[in-house]
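Heads up, the thing below is written out as structure tokens.
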Amino acid sequence: MTQPTGQVPGAALIIGGVGLVRASRALPDAAATSDPRLGKSTRLRFNLIFAAEGAAIAVAIAVCDAIDRTDLIPIIIALIVGIHFFPLAPLFNVRMYHLTGALLCVVAIATWLVFPEKVTVSGHEIIAYMSIVGLDSALILWATGLYIWLMGRSLLRA
């Protein structure tokens, strides 16, 4: 039977996020006092960044598959996801996204440079690229999600 511990942080962040959205409904509508074009521009820029990330991941997977280097897919995806945080930082004015992006890129590159594709631990073969990049990326993204949630709670109290 699989232990659900890996799902707990994600579920907690979803529940916390839903709570923030519900609590924010009681706030006055900021859009009514600001320029509506600003919100439209932000949505457009976010959608472009998100689309570029998705397209880059799709191309990376296709190229890795074509050159028979599917072992590099987790590393390249972590790099792409890390890079996508850099334009999001100024877009949403969240400086933490610079750190998130940098950490994801460092984890991907360091894993590629330091570890072999596979390692054997206690007689069990582990795909190091997938395991190390996956676990470290999850921790970085959970920490970022927690930071954003705490920032949202702080803003709601203010």
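Against the conditions (1) more than 27 Å from residue 149 (Cβ to Cβ); (2) touching a His at 6+ places or on another chain (Cβ under 8 Å), residue 113 satisfies every one except (2). When 85, 50 are checked against the criterion of being surrounded by 13 or more Cβ atoms within 10 Å (Cβ to Cβ), of a type in the set (Phe, Trp, Tyr), modelled with pLDDT of 95 or more and within 22 Å of residue 96 (Cα to Cα), a single residue qualifies: 85.
Of the residues making up the stretch 132-150, those that are over 10 Å from residue 16 (Cα atoms) and open to solvent by 60 Å² or more (accessible area, probe 1.4 Å) number 5. Residues in the stretch 88-103 that are open to solvent by 70 Å² or more (accessible area, probe 1.4 Å) and either closer than 14 Å to residue 136 by Cα or part of a helix (DSSP H, G or I) (or both): 90, 92, 98, 99, 103.
If a residue has to be in contact (Cβ under 8 Å) with a residue 12 or more places away in the chain and in a helix (DSSP H, G or I) to count, how many in the stretch 107-142 make the cut? Reasoning before the result, please.
First, the residues of the stretch 107-142 that are in contact (Cβ under 8 Å) with a residue 12 or more places away in the chain: 107-109, 111-112, 115-117, 127-130, 132-134, 136-138, 140-142.
Add one more test, that the residue is in a helix (DSSP H, G or I), and what stays is 107-109, 111-112, 128-130, 132-134, 136-138, 140-142.
Within the stretch 107-142, residues that are in contact (Cβ under 8 Å) with a residue 12 or more places away in the chain and in a helix (DSSP H, G or I) number 17.
Scan the stretch 62-90 for residues that are of a type in the set (A, V, I, L, M) and in contact with a strand residue (DSSP E or B) (Cβ under 8 Å, 6 or more places away or on another chain) and the total you get is 0. For the stretch 58-82, taking the residues that are of a type outside the set (A, V, I, L, M, F, W, C) and either at pLDDT below 95 or farther than 19 Å from residue 139 by Cβ (or both), the one that is surrounded by the most Cβ atoms within 10 Å (Cβ to Cβ) is identified as 71. Among the residues that make up the stretch 115-127, is at least one of them at pLDDT 95 or above, β-branched (Val, Ile, Thr) and either under 24 Å from residue 23 (Cβ atoms) or open to solvent by 70 Å² or more (accessible area, probe 1.4 Å) (or both)? Taking every residue of the stretch 115-127 in turn, none turns out to be at pLDDT 95 or above, β-branched (Val, Ile, Thr) and either under 24 Å from residue 23 (Cβ atoms) or open to solvent by 70 Å² or more (accessible area, probe 1.4 Å) (or both). Within the stretch 115-134, identify whether any single residue is within 30 Å of residue 25 (Cβ to Cβ) and within 12 Å of the chain's Cα centre (by Cα), and answer yes or no. Scanning the stretch 115-134, I find no residue that is within 30 Å of residue 25 (Cβ to Cβ) and within 12 Å of the chain's Cα centre (by Cα), so the answer is no. Filtering 43, 153 for residues that are assigned to a helix (DSSP H, G or I), touching a residue at least 60 places away in the same chain (Cβ under 8 Å) and of a type in the set (Lys, Arg) leaves a single hit, 153.
The values are calculated or read from the model by the stated rules, or taken from the named source; none is laboratory data. The model shown is predicted, which means the values in this text are computed figures rather than measured ones. Ideal geometry is used to build each Cβ from the backbone, glycine not excepted, and the neighbour counts take in all protein chains shown. Note: accessible area is taken over every heavy atom of the protein model, side chains too, but ligands, DNA and RNA are not part of it. Shrake-Rupley method; radii C 1.70, N 1.55, O 1.52, S 1.80 Å.
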